[in-house]
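This report refers to the structure that appears directly beneath it.
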Amino acid sequence: MNKKQRGEKGGPKIRLAIVDDHTLVREGLIAALKNEEGISVAFDTQNGIEFFEKLKSKPIDIALVDLDMPEMNGKEVLEKLTMKHPEIGVIIFSMHTNVHIVAELIQMGAKSYLKKDCKVDELVDAIFNVQLEGYHATEILSEAVFIQAKKNNQREEAMAHFNFSAREMMVIRLICSGSKSEAIAERIGLSKKSIDGIRSKLFKLLHAKTTADFARICIEKGLFQPIGRG
């Protein structure tokens, strides 16, 4: 994308929020984008909690979010934004090169994934592509999409075999993520007794005796894909 395509002088600007726990990174990004036509940094924050507080009074179009942060990490920010503000495009910004991490983030709703050592031009292109096209492709992203498609096929086969409902799949995801019955009940809007019943049914079907055993089986069968480290 050339500069003419990026934005016209005096035209409406893409409102960007930067979420990163490193002050130098945020300041560097703000400085790098300062003179870029078509982009305006609406605000920056050091974690997800501060981000959602500022978002109440400062609307944005794109969120550039670091994956590893204390007090609500990038994955949690992405999940909440996807649920509450699906109109905001999320670009994950990280040094991770694990394609399985990227695959899950895309599955969760991220519109692009950039490494922190990328050039400013690629960052600018990503911002405009996500805003205008809804997506920005990178090499690792393309590989992740292929892997995710393979996982989705595996997951669909497992779902068909066990005939799990969408609600049961949500419970599976929450159990594997470490959530207790009380938290799952509140999240889904059911009673703890109902969740315990679903949990018991799932453990029986998958022949799992412990939560760790349950998570392992779900991962092996493609029913749950956790973010790894890379």
Handout entry: Verdict on E53 being under 20 Å from the mean Cα position of the chain (by Cα), over 14 Å from G74 (Cβ atoms) and either in the same structural domain as E76 (by TED's automatic domain parsing) or aliphatic (A, V, I, L, M) (or both)
Key = yes
Exercise for the section: Would you mind telling me which numbered condition in (1) free of Cβ contacts under 8 Å to residues at least 12 places away in the same chain; (2) part of a helix (DSSP H, G or I) N35 fails? Expected result: (2)
Practice task
Inspect the stretch 84-106 for any residue being in a helix (DSSP H, G or I) and modelled with pLDDT of 90 or more and give the result as yes or no.
Solution key: yes
Fill in the blank from the handout: Subset of the stretch 17-32, residues in contact (Cβ under 8 Å) with a residue 60 or more places away in the chain and not in a helix (DSSP H, G or I), comes to D20
Handout entry: Test result for S57, closer than 20 Å to Y135 by Cβ and of a type in the set (S, T, N, Q)
Key = no
Practice task
Please find, within the stretch 160-194, the residue that is surrounded by the fewest Cβ atoms within 10 Å (Cβ to Cβ) out of those that are outside any helix (DSSP H, G or I) and of a type in the set (A, V, I, L, M, F, W, C).
Solution key: L190
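The values are calculated or read from the model by the stated rules, or taken from the named source; none is laboratory data. Since the model is a prediction, treat every value here as computed from it, not as a measurement. Neighbour counts run over all protein chains shown; Cβ positions are idealised from the backbone, glycine included.
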